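Chemist: Just passing along the structure, written as structure tokens.
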Amino acid sequence: MTRDLTLLGLESSCDDTAAAVVRHPGHGPAEVLSSIVFGQTELHSAFGGVVPEIAARAHAEKLDHCVRDALAAADLRLSDMDAIAVTAGPGLIGGVLSGVMCAKGLAAASGLPLIGVNHLAGHALTPRLTDAVPYPYLMLLVSGGHCQYLIVRGPADFRRLGGTIDDAPGEAFDKTARLLGLPQPGGPSVQAEAETGDPRRFRFPRPLLDRPDCNLSFSGLKTALMRMRDQVMAEKGGLTRQDRADLCAGFQAAVTDVLAEKTRRAIRLYLEESPNTRTVAVAGGVAANASIRAALETVCAEFDARFVAPPLALCTDNAAMIAYAGLERFRNGERDGMDLAARPRWPLDQRSPAMLGSGKKGAKA
């Protein structure tokens, strides 16, 4: 009988400082005993995006409080943990380093094992945390910094079918919000404006649909929106509230259409490899978008595939997913030492060529 495991997880890869406690009985679903997230939206609001230096300082100040609150909410002590899992990359290096150093300090003081987790693996394994989804399944990881289709075969076995060759969808939403004077983060702001807009008024392109692969591009949508905005402003001398709503609706519809069609292609490839499992999951901050979720659910129904979307709180960055991903590694006998390094880049699929280029710090994706 596989024994119960309880892990503390830490997450600090971007602008959310998080800690969580997750327990897994060995058989059946895992349980999130606590999940604490300290957001930084107010700290970055005046700058139109995340400032890495400000984010890193906030992580360093908040991580110990976050850990204390997560343990208290779970009604457990550090000595009750079996191991400590921490995001070791990819992400803003200052934030990742803050989390890794905090986890090392806790591990050194308590004698607990240390588990470094790929932030993207945390998102990719979230359907197993929430719905006990069996391997293999198709995952659309769609967030502010990443977008890729993955066949998830195991806790460290990922086959990338395709992904973005430039901006991630969340990044495109943020840039759209800045261009239209909407608050950050851009995803919720653009979605709220789009609810009263006409998605057919402006003709946005659907990038890369003429190519048969699963790769995506969203940078051109941002450029198209900027040109449409400038044209309206030149004609009218400014933007009305309806103009802005229509621009948001058109942009969101274009992103949704592209993701829906590329998901169809990814499902076909996935079913060639695994025709019997038929499970498609989505995770990442952009997965919280209602229009995108509805479109993906419709596509899955076309293939008689199960559609899994975690609760919204577990789509955005959180430490519960890190604790669970670390738990799967720990159960497989994997451990990290005090030489665990913070990594700004860390692709999940190590076998596929880099999509966004490589440098001294390694492949971006």
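Chemist: Would you mind checking the pairs K104/K175; K62/K175; K62/K222 and listing those with alpha carbons more than 32 angstrom apart?
Modeler: With Cα atoms farther than 32 Å apart: K104/K175; K62/K222.
Chemist: Also: Once both axes come from the Cα atoms, what is the angle between helix 290-302 and the longest principal axis of the chain, in degrees from 0 to 90, rounded to 10?
Modeler: Approximately 80 degrees, to the nearest ten.
Chemist: Continuing with the same structure: Subtracting the Cα-Cα distance from 0.36 nm times the residue separation, let me have the gained length for S79 to D230 in nm, one decimal.
Modeler: 48.4 nm
Chemist: While we're here: Return the sequence-ordered ³J(HN,Hα) values of the stretch 94-99 in whole Hz as given by the Karplus equation 6.51 cos²θ - 1.76 cosθ + 1.60 applied to θ = phi - 60°, using x for Gly and Pro.
Modeler: x, x, 4, 5, 4, x
Chemist: Can you give the calculated 222 nm mean residue ellipticity of the chain, where each DSSP H run of n ≥ 4 adds -39,500 (n - 2.57) and the sum is split over every residue, rounded to the nearest 500 deg cm²/dmol?
Modeler: -14000 deg cm²/dmol
Chemist: If you don't mind, there's one more thing I want to ask. Between A301 and A109, what is the FRET efficiency for a Förster distance of 51 Å, r being their Cβ-Cβ separation, to the nearest 0.05?
Modeler: 0.50
Chemist: Using only Cα atoms, what is the ratio of the radius of gyration of the chain to 2.2 N^0.38 Å?
Modeler: The chain yields a ratio of 0.99.
Chemist: Calculate one ³J(HN,Hα) per residue across the stretch 31-37 by plugging θ = phi - 60° into the Karplus curve 6.51 cos²θ - 1.76 cosθ + 1.60, and present them in order as whole Hz with x for glycine and proline.
Modeler: 10, 8, 7, 6, 8, 10, 10
Chemist: Just the number please: accessible area per residue for the chain, 1.4 Å probe, all protein chains included, in Å².
Modeler: 42 Å²
Chemist: Residues with amide H under 5 Å of V308's amide H, sequence separation 5 or more or different chain, H placed in the peptide plane at 1.01 Å from N; which?
Modeler: Under 5 Å from the amide H of V308: V280, A281, V282.
Chemist: Hey, another quick one. Return the sequence-ordered ³J(HN,Hα) values of the stretch 175-183 in whole Hz as given by the Karplus equation 6.51 cos²θ - 1.76 cosθ + 1.60 applied to θ = phi - 60°, using x for Gly and Pro.
Modeler: Coupling constants for the stretch 175-183: 5, 4, 4, 5, 5, 9, x, 9, x Hz.
Chemist: List the residues, sorted by chain then number, that are 5 or more residues from W346 or on another chain and whose placed amide H is less than 5 Å from its amide H.
Modeler: Answer set, sorted by chain and number: none.
Chemist: Which residues among the stretch 1-31 fall inside the zone where the amide N is under 19 Å from a point 7 Å beyond the Cα of R335, along Cα→Cβ?
Modeler: The answer is 3-9.
Chemist: From Cα pairs below 8 angstrom and at least 6 apart in sequence, can you work out the relative contact order of the chain, rounded to a whole percent?
Modeler: Contact order relative to length: 22 percent.
Chemist: Right, here's the next one. Tell me, what % of the accessible area of the chain is carbon and sulfur with a 1.4 angstrom probe?
Modeler: 51 percent
Chemist: Please identify, among V232, V190, V100, the residue showing maximal mean-square fluctuation in a Gaussian network model of the chain using a 10 angstrom Cα cutoff.
Modeler: In the Gaussian network model the winner is V232.
Chemist: Separate question: Which of the listed residues, M228, A260, V280, is farthest toward the dipole's positive end in the stretch 213-284, when Lys, Arg count +1 and Asp, Glu count -1 at the beta-carbon?
Modeler: M228
The values are calculated or read from the model by the stated rules, or taken from the named source; none is laboratory data. Computed from a prediction, not measured in an experiment: that's the story for all the values here. A quick note on method: Cβ atoms are made from the backbone with ideal geometry, for glycine too, and the neighbour counts reach across all protein chains shown. With ligands, DNA and RNA removed, areas are computed over all heavy atoms of the protein, side chains included. Shrake-Rupley method; radii C 1.70, N 1.55, O 1.52, S 1.80 Å.
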